[in-house]
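Student: Take a look at the following structure, please.
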Amino acid sequence: MTAVARQEVLRLYRKIFRIANKWQSASGQAAETAQEKEYIKSEARTLFRKNKDVTDPKLIKQCIEECEARIEIGLHYNNPYPRPIHLPPMGLAHKQGRTLRHQEKLRKISKPIYLKSHDEIS
């Protein structure tokens, strides 16, 4: 990892924890605010630890972009949890074959940048 990328990653990590410390839930309830603060911190720790050994500059840049997108979306909607995505169901594909592989590829491509770190299938 280059020194510039390292500084950017550390800047984002500190920014997330500053946001978590100042976070106020949309409802204003203390219990919900505490729960959302803890979610922000634990999600940041988990994802940063998961990607600590990444050395490919393109992948580092993608992770940074995802982090920035999640920060902006969370602040805009005042909701720290990932936004749901609505992809078409895979009901018409056969259990194997070219159609299934094509639909899986399309679903992977259409996944928004702010959810690239999640391996969930919606």
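The values are calculated or read from the model by the stated rules, or taken from the named source; none is laboratory data. All values derive from a computational prediction rather than experimental measurement. Cβ coordinates were reconstructed from backbone atoms using ideal geometry, including for glycine residues, and neighbour counts include every protein chain displayed. All accessible areas refer to the heavy atoms of the entire protein, side chains included, with ligands and DNA or RNA removed. Shrake-Rupley method; radii C 1.70, N 1.55, O 1.52, S 1.80 Å.
Student: If you go through region 1-28 one residue at a time, how many are acidic (Asp, Glu) and not in a helix (DSSP H, G or I)? Steps first, please.
Tutor: If we filter region 1-28 for residues that are acidic (Asp, Glu), which is where we start, we get 8.
This time we only want the ones that are not in a helix (DSSP H, G or I), so: none.
The total comes to 0.
Student: Shifting gears a bit: Can you tell me which of (1) over 20 Å from residue 18 (Cβ atoms); (2) part of a helix (DSSP H, G or I); (3) at pLDDT below 70 is the one residue 59 doesn't meet?
Tutor: Answer for residue 59: the failing condition is (3).
Student: Would you mind stating whether residue 41 is touching a residue at least 24 places away in the same chain (Cβ under 8 Å), more than 18 Å from residue 4 (Cβ to Cβ) and open to solvent by 60 Å² or more (accessible area, probe 1.4 Å)?
Tutor: So residue 41 fails the test.
Student: Turning to a different aspect of this structure: Quick check on residue 52: is it at pLDDT 90 or above, of a type outside the set (Asp, Glu), farther than 30 Å from residue 106 by Cβ and surrounded by 13 or more Cβ atoms within 10 Å (Cβ to Cβ)?
Tutor: On the way: at pLDDT 90 or above: yes; of a type outside the set (Asp, Glu): yes; farther than 30 Å from residue 106 by Cβ: yes; surrounded by 13 or more Cβ atoms within 10 Å (Cβ to Cβ): no.
Against the criterion (at pLDDT 90 or above, of a type outside the set (Asp, Glu), farther than 30 Å from residue 106 by Cβ and surrounded by 13 or more Cβ atoms within 10 Å (Cβ to Cβ)), residue 52 does not qualify.
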